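Enquirer: After the C-alpha cells below, expect a handful of questions from me.
Nothing in this text is a laboratory measurement; each read-out follows from the coordinates by a stated rule. All values derive from a computational prediction rather than experimental measurement. Backbone-built Cβ (ideal geometry, glycine too); neighbour counts: all protein chains shown.
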Amino acid sequence: MPSKRTALRFLTILAAAVTAASCIENDRTMGEGLIPGSATITLGTKTFDLPVINRVSDSVQCTGTSNMLVGTMTDEVFGTVMAHAASYILPYSDSTDYGDNAELLGAYLTLSIDSTYYLESSQEGIHQRIKIYELTSPIDSTLIFCNSITPDRYSATPVTVSDPVIYGKGDIRIDLTDEFAAKLLTVTPEEFEDLGLFSEKIHGLYLQAEAPVGSAAGGRLNYINLGSSTINLDYRTDVVRSDGSVERIDTTESFVFGYYTALNNFTTTSANLESDAPGEHLYLEGLSGIKPLIPAKALKQMLEEWIAEEGLDEYALLLSRAEIKFPYSKPESYDRFDKEHPSTIYAFTSTPWATDSLRTYAPLDEVYASSSSAGAIDRSNMVYSMDVTSHLQKLLITPEEEIDGSMDLWIAPLLTVTDSYYGTTDYGFDNSNYNKIILNGPSAENHPTITLTFGMIPR
C-alpha cells in the first residue's frame, strides 16, 4: 500500500499538470492569412423601425368553407362587423319524379348551428333576426370575394314566412313561403338528374343578418353547418301500385346545401381607423376588417438609405434572416384574451384578380420553411414574430420602378390546415374566424421592428 507521503506527492504532480494544461491559449487567428480577402464575408445585424400603416384590404376571398357565417358584432373600438352568407342548393336525389298530379303541402328549412363566436357570456343566447332571400343567379367561380353578393344578386322579397330568429345553438326550423316551395315543385326529372340544369332554375339562398340597433357593444357570429342544414318539401302525389291501382300519398323531397361552397359576405366599419401615421396603436381585425400594411416602397427606401449611409452594396448583401416583430401591450384583463387575439398572424402579399380592386391574398413562402417564426404569438414576451427573409432579399434587388402593390405586406390572421390523410400542412388567409387585436404602433416605446442578420461579400 502506498504511503501517505507518496499519495500526497502524486496529487501535487497531477495538480501541476492540470494547471499547466489550462494555461495553454488557443490562437483563433491561425490560418487567417491563408484566406484571400476577396473570400471573407463580413457578418452583422441591424434593427430598423418598421414602416407600417393601417388599411382596410381591397377585397378578401371568402369561399372554400363548410360553414355559412351569419351574425353581427359591435366593438367599442373597431365598430360593427356583419356577416352574411350564400350557398347554392342541390337535390338530395337525382332520380326524383313528382308525378303528374303533385300537390304542394309546404316546405321548411332547417339550419344547423355548428358553433358560435361571442366575447361576453351574456351574448351567448341572444336573439338575432335574419332574412333569407333567393339568389337571382347561380353562384359561379367569379364570386369568391367577401363583397361579391350585391343587392342585385338576390330577390327583394324574403322566401320565409316570417323573419326567423336564431339563438346560437341547435337546429332551427324555418317555414318557407308557398311561392318558393311551388318553384321547387316545378323541378323536372331532367333537372334533378342534371345539376347544371337544376342550378339554372334553383340558384341558392342568401342569409342576411339584421343590422344591430344602437352602438352598444356585443353580438354573436353563428357558424351554420352546410352539411347538416336541409330544405324539406312536403307534397302529395299519386302512386301507381303493382296491381294498377292509384294511391294518393304524402311524401317529402329533400334538398341540401352545396358542401364546402359557402360564400360569406362581410361588412365592417373599421375603415375609420385607417391612418398613414398610426401613432401608439396598430389595429388588426379579422375577416375584411382593418389590418397593418407594410408598403414595399417605404421598406425599400428605408433599406436603400441605410445601404447608402454605410457604403454597402445591395447586390453583395446576403440576408441570412429578416424578422419582423409586432409587440403588444399587456391587456387589462385576460378573460377575453384568447378569443380576441389570433394565435398566429403572418405577412401576406396580394395579387390582382380580374380587376386591380379585387385581389387575392397568399402568405409568404417562408411560412413553409420557418415554422418557428411563422407568426405564432409569444405570450411571455407579448410579441408576434415572423420570418420574411426571402421576400426582403427579393425587395433589395428589385428596381424601384418595378415595385408595386403586389410586394406590399398585409398582416392578417393565418389559417393552418393539416390533411389528416396525407399529413401535409397548408396555410392561407383566415377568412372564417373573427379576431381583433390592438398592437403597439410606431410611436409606442416598444414598437414594431424589422431585424436583419446579414453577410457582406467584398466587391
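Enquirer: May I ask for the angle, rounded to the nearest 10°, between helix 296-310 and the longest principal axis of the chain, with both axes built from Cα atoms and the value confined to 0 to 90°?
Expert: 10 degrees
Enquirer: For the chain, what does -39500 (n - 2.57) per DSSP helix run (n ≥ 4), summed and divided by total residues, give at 222 nm, in deg cm²/dmol to the nearest 500?
Expert: Working: 8 runs with 70 residues, N = 459.
Value at 222 nm, helices only: -4500 deg cm²/dmol.
Enquirer: Counting other beta carbons within 10 Å of each residue's own, what order do V56, V159 fall into, fewest first? All intermediate terms of the calculation are to be shown ahead of the outcome.
Expert: Details: V56 19, V159 22.
Fewest-to-most ranking of V56, V159: V56, V159.
Enquirer: In the chain, if the dipole is taken from +1 on Lys/Arg beta carbons and -1 on Asp/Glu beta carbons about the Cα centre, which of N54, S373, V161 is farthest to the positive end?
Expert: S373
Enquirer: Here's something else I'd like to know. In this model, which of K169/K291; K46/K325; K330/K436; K297/K330; K297/K325 are farther than 21 Å apart at the alpha-carbon?
Expert: Table pairs above 21 Å Cα-Cα are K169/K291; K297/K330.
Enquirer: Okay, next question. Within region 343-378, whose backbone N sits under 12 Å from a point 7 Å along Cα→Cβ of K394?
Expert: So the set is 348-351, 362-367.
Enquirer: Which one of T65, Y283, S270 is farthest out on the positive end of the charge dipole of the chain, using unit charges on Cβ (Lys, Arg +1; Asp, Glu -1) and the Cα centre as origin?
Expert: Y283
Enquirer: Taking 0.36 nm per residue of sequence separation and subtracting the Cα-Cα distance, how much length would be gained by fully extending the chain between S380 and F48, in nm to one decimal?
Expert: Once the chain is fully extended between S380 and F48, it gains 117.2 nm.
Enquirer: Once you charge only the Cβ atoms, +1 for Lys and Arg and -1 for Asp and Glu, what is the size of the charge dipole of the chain about its Cα centre, to the nearest 20 debye?
Expert: My answer is approximately 2340 debye.
Enquirer: Roughly how big is region 67-261's charge dipole about its Cα centre, with Cβ charges of +1 (Lys, Arg) and -1 (Asp, Glu), in debye to the nearest 20?
Expert: With only Lys, Arg, Asp and Glu charged at Cβ, the dipole is about 680 debye.
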